[in-house]
Amino acid sequence: MDDFYREFILDHYKRPRNFGTLEDPDVTHEEDNPLCGDRIRIDLKLREGHVADVRFTGQGCAISQAAASLLTEKIKGASLERVRGFSKEEMLEILGVPLSPIRLKCGLLALKVLKTGLYGLQRWPGEEG
Amino acid sequence: MIRAGGAMTARSRGGRSPAFEVERIRQDFPVLGEKIRGKPLVYLDNAATSQKPHVVIDTIRQFLSTYNSNVHRGVHQLSERATEAYEQARTRVQGFINAAESREIIFVRGTTEAINLVAQSYGRTHIGTGDEIVISAMEHHSNIVPWQILCEQTGAVLRVVPINDDGEMLLDEYVTLLTPRTRLVAVAHVSNALGTINPVREVIRLARRQGVPVLVDGAQAVPHLKVDVRELDCDFYAFSGHKVFGPTGIGVLYGRARLLEAMPPYQGGGDMIKSVTFAKTVYNDLPFKFEAGTPHIGGVIGLGAALDYLDGVGLDRVTAYEDELLVHATEALSAIPGVRIIGTAKEKASVVSFVVDGVHAHDIGTVLDHEGIAIRAGHHCAMPVMQRFGVPATARASLAFYNTREEVDALVRGIHKVIEMFV
């Protein structure tokens, strides 16, 4: 169990960082994963090619919500170039838990919402082709 | 099943003696001795699929290793043996659900295929534009989507009987949905997501009073309750082998002979014909008309063995024992703060769907899995039920007669652990 729900995952689930919404965001996007019922919305404020501020809301399993919280920490203040380069592998590395094929989408939902909001990405991260 | 006021049925009283020897029964199921992550397997996902007793495994092994061959056409001895075993299993199924004739038993892949068969064969010839099909709000997707497909093809309309907050079908609403345009009623005998036992006898009586045929989805009923299709007076009854301790890939459609005879074939191919020329093909008689191609012979024979086994245990005793387990599970889970049971009908089979405040069902499932406890987490192929109760998913423990009170207690300890971790 310790190798799955690590302390920092549970911490981000119970005390999500950057949780909430932004007033007048430059980008807002929400998606769900109907199979699990996970849902994530991400709001972004952009300034001079950087993410000036970010908030997320959502509901779902611990992995999906912790991933969103961790992701917002990583991209806050980052350049859009950096955000564009943020990969599936990087997201999974941050989570650091072995995800079964079914749970993979829980771990990647936040990244998908972020990239779809920013670039109109239609596929799951890592499957952009 | 739980009954209002805790009144015991004749069935329940029958289960009191002799004592139900669950430990001896568990010896019949090899998988129950498995360990998961070093812990004894606690298998509480029986509504998804049931485990298989030795006798089913051995029967299939014996078929494959001593008389494997095709049925209904070989002149050699192996084929005669296989055909005999295959047809004996059909008679076995007939007896098990008390059908009038063995030709009313059609072997299909499972409940899903049985319902699709009725939708496409009966439906496309008897249901047209503006006609209505009535289902309930607690159906499995397999008793929703085949009718939606039929509606798209024919212009028929789907009507849905609502359910109350306990997960019980509203019979008053049902009566108002039965109109002169109603051509078919299709309902679950037992809900897979809620455990509700529907009042199918009454549902059938009301429909047949105005000449409307009824299909009963019995996938979740046959493992728990004695089913008598003639007593129910239903027109079609569908169930799956793998939920009733038999193999996957085999299921049964019971149909009233008069209706089956008037229906066109569902699939064309070998075994379902009497003669073929390019000018005209003559279809075979029942039940072969609906069994195109080489069937799942080992599956059918294995299903027969499973029903024999279940008869040996005694369905009346199974029902009574599972009632006790369900009462225990319901009381123990309800007593945990933050746990809410979804599906609190007065009459229930041994299925407990629940949610835990602040914890997603998948996290419950993962934590329990690490304790060796297998439950189902998700929408249970009944998304409209989840929408009705305003939850994205539930955790579901579904009990069989080989489960024990101690296993229910392990589940309760596991849920306490979930709450400790996440809340």
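The values are calculated or read from the model by the stated rules, or taken from the named source; none is laboratory data. In this text, all values refer to a predicted model and were calculated from it rather than measured experimentally. Cβ placement follows ideal geometry from the backbone for every residue including glycine, while neighbour counts extend to all protein chains displayed.
Considering the stretch B:271-295, the residues that are surrounded by 13 or more Cβ atoms within 10 Å (Cβ to Cβ) and without any contact (Cβ under 8 Å) to a residue 60 or more places away in the chain include one that is farthest from residue B:30 (Cα to Cα), namely B:281.
Filtering the stretch B:325-344 to residues that are crowded, with 17+ Cβ neighbours inside 10 Å and over 18 Å from residue B:387 (Cα atoms) leaves B:325, B:326, B:329, B:330, B:332, B:333, B:339. Would you check if residue B:211 is free of Cβ contacts under 8 Å to residues at least 24 places away in the same chain and assigned to a loop (DSSP other than H, G, I, E, B)? Yes, satisfied. The number of residues in the stretch B:390-423 being free of Cβ contacts under 8 Å to residues at least 60 places away in the same chain and within 14 Å of another protein chain (Cβ to nearest Cβ) comes to 10.
Candidates A:30, A:48, A:127, A:90: the one that is surrounded by fewer than 16 Cβ atoms within 10 Å (Cβ to Cβ) and on the phi > 0 side of the Ramachandran plot is A:48.
Identify, from the list B:94, B:88, the residue that is farther than 30 Å from residue B:152 by Cβ, out of contact with any Ser or Thr (no Cβ under 6 Å at 6 or more places or on another chain) and not β-branched (Val, Ile, Thr).
Just one listed residue meets the conditions, B:88.
Give, as residue ranges, the helices (runs of 4 or more DSSP H) completely inside the stretch B:296-378 that count at least 2 residues that are within 19 Å of the chain's Cα centre (by Cα). Result: B:297-313, B:315-334. What is the one condition in (1) over 14 Å from the mean Cα position of the chain (by Cα); (2) more than 21 Å from residue A:4 (Cα to Cα) that residue A:83 does not satisfy? In the conditions (1) over 14 Å from the mean Cα position of the chain (by Cα); (2) more than 21 Å from residue A:4 (Cα to Cα), residue A:83 misses (1) alone.
Take residue B:226 and tell me if it is within 21 Å of residue B:400 (Cβ to Cβ) and surrounded by fewer than 23 Cβ atoms within 10 Å (Cβ to Cβ).
yes
Residue under question is residue B:221, and the condition is that it be at pLDDT 95 or above, among the small types (Gly, Ala, Ser) and more than 20 Å from residue B:121 (Cβ to Cβ); does it hold? Lay out the reasoning, then the answer.
Values: at pLDDT 95 or above: yes; among the small types (Gly, Ala, Ser): yes; more than 20 Å from residue B:121 (Cβ to Cβ): yes.
The answer is yes for residue B:221.
Contact map, the stretch B:36-48: residues that are at pLDDT 95 or above paired with residues that are polar (S, T, N, Q), Cβ distance under 7 Å, separation 6+ or inter-chain. Pairs shown: B:43/B:51; B:44/B:398; B:44/B:403; B:45/B:398; B:46/B:398; B:47/B:192; B:47/B:220; B:47/B:398. Considering the conditions (1) more than 11 Å from chain A (Cβ to nearest Cβ); (2) of a type in the set (A, V, I, L, M); (3) out of contact with any Asp or Glu (no Cβ under 8 Å at 6 or more places or on another chain), residue B:367 is excluded by exactly one of them, (1).
Comparison of A:77, A:60, A:37, A:49 shows that the only residue that is within 14 Å of chain B (Cβ to nearest Cβ) and out of contact with any Asp or Glu (no Cβ under 7 Å at 6 or more places or on another chain) is A:37.
If the condition is being at pLDDT 95 or above and either facing chain A (nearest Cβ under 9 Å) or surrounded by 23 or more Cβ atoms within 10 Å (Cβ to Cβ) (or both), then the stretch B:378-389 contributes only B:385.
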